[in-house]
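Have a look at the structure below, then the notes.
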Amino acid sequence: MDLPSERWIALIERGKCPFQDKIKRATEKYNATAVVIYNENKTEDTIFMSQEDSEVLSVNLKKVDGEHIKRLLASGISVKMTISIGKKYTKEATQSNISKTSVLFVSISFIVLMIISLAWLVFYYIQRFRYAHAKERLARRLASAAKKAIAKIPQRNVKSGDKELDSDFDQCAVCIEGYKAHDVIRTLPCKHVFHKSCVDPWLLEQRSCPMCKLDILRAYGMQVSTSLLFDVCIEVYLMKEN
Ligand SMILES: [Zn+2]
Ligand SMILES: [Zn+2]
């Protein structure tokens, strides 16, 4: 066997005999400085072997790496190999890795939860704002419709001899007072009579007769959708149109 004159590393296939015998033979008989052993079995990629009772440095390689070096050597290429001390693989290192992973996992979960909560909050406030806006617009529409309806309700001055001045005629249900001459009164479509100054603010707010709850908007054929959902839908539709 032609051995190199300088320091050299022996490449050994795992084989069947014990590692220590092979290492001993390579170092004692052939004067190798270190030994690299590779697995000839593809199914088990890594060889675990005890180094405690050996004074010779031995390194384990995967089958593919070992065979690659073997091919290079077979074709006459000299392979320079440097063995350096790597990271120590300990149980503590693994545990710290696990704790790092769990911290990362918890952090990511927390961030994801925060993002979901924030998105929900933004969505909630947008909906709330939209609802409030729709409610405001509906109130404005109803008030303007009520004004138009009130303008259509007939009004007149009470004159002497009118039936409103009779003692058995109903009082104004809003102020609980009887009618006097020169009072301005309104007669609603339901024929209920009130002081103009009493019933106008009520109608502006309630849009119905204080006595029989007759809807004055409906009575004058003014349909205002009171559905806020409908209003919000229209708003969304308009936003899409834009
Ligand atoms: Zn009154
Ligand atoms: Zn009425």
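Points to keep in mind about this one:
- Spin-label model, Leu204 to Leu57: label points 7 Å out along the Cα-to-beta-carbon direction sit 9.9 nm apart.
- When peptides 106-114, 15-23 are sorted by average Cβ neighbour count within 10 Å, with the highest value leading, the order is 15-23, 106-114.
- Radius ratio Rg over Rh of the chain, counting only Cα atoms, Kirkwood formula for Rh: 1.73
- What you get for the chain, charging only the Cβ of Lys and Arg (+1) and of Asp and Glu (-1), is a dipole of about 660 debye around the Cα centre.
- Loop-located trypsin sites (Lys or Arg not before Pro) in the stretch 79-173 whose Cβ has at most 15 other Cβ within 10 Å (DSSP): Lys80, Lys87, Lys88, Lys159
- Amide proton proximity set for Ile37, modelled H, under 5 Å, gap of 5+: Ile12, Val59, Asn60, Leu61
- Mean residue ellipticity (222 nm) of the chain, computed from DSSP H runs ≥ 4 via -39,500 (n - 2.57), nearest 500: -15500 deg cm²/dmol
- Glu13-Arg137 pseudo-label distance in nm [points 7 Å out on the Cα-to-Cβ vector]: 8.4 nm
- Rounded percent of accessible protein surface that carbon and sulfur make up, the chain, 1.4 Å probe: 58 percent
- Taking a straight Cα-Cα cut-off under 16 Å and skipping sequence neighbours fewer than 8 places away in the same chain, the lysines within cross-link reach of Lys159 are Lys180, Lys196.
- Flagged links, alpha-carbon separation over 22 Å, of Lys163/Lys191; Lys163/Lys213; Lys22/Lys63; Lys22/Lys62: Lys163/Lys213
- Taking 1.306 mPa s as the viscosity and 10 °C as the temperature, the Stokes-Einstein diffusion coefficient of the stretch 57-193 based on its alpha-carbon Kirkwood radius rounds to 61 µm²/s.
- Sites Asp166 and Asp215, calculated FRET efficiency, Cβ-Cβ separation with R0 30 Å, nearest 0.05: 0.55
- Only helices reaching 30 angstrom along their own axis (Cα) with mean Kyte-Doolittle hydropathy no lower than 0.0 count here, and for the DSSP H runs of the chain these are 91-152.
- Around Ala151: net Lys/Arg minus Asp/Glu count, Cβ-Cβ under 13 Å: +4
- Using only Cα coordinates, the Kirkwood hydrodynamic radius of the stretch 162-232 works out to 13.5 Å.
- Net charge of the neighbourhood of Lys80, taken over other residues with C-beta under 12 Å away and scored Lys/Arg +1, Asp/Glu -1, is 0.
- A simple packing score, the average count of other Cβ atoms within 10 Å per residue, orders the peptides 165-172, 71-78, 199-206 as 199-206, 165-172, 71-78, with the highest score first.
- Convex hull of Cα atoms in the stretch 62-102, direction-averaged projection (nm²): 4.5 nm²
- Rolling a 1.4 Å probe over the protein heavy atoms gives the chain an accessible area of 75 Å² per residue.
The values are calculated or read from the model by the stated rules, or taken from the named source; none is laboratory data. These numbers were taken from a predicted model, which means no experiment stands behind them. Every residue, glycine as well, gets a Cβ built from its backbone with ideal geometry; the counts of neighbours run over all protein chains shown. Note: areas computed on protein heavy atoms with side chains; ligands, DNA, RNA excluded. Shrake-Rupley method; radii C 1.70, N 1.55, O 1.52, S 1.80 Å.
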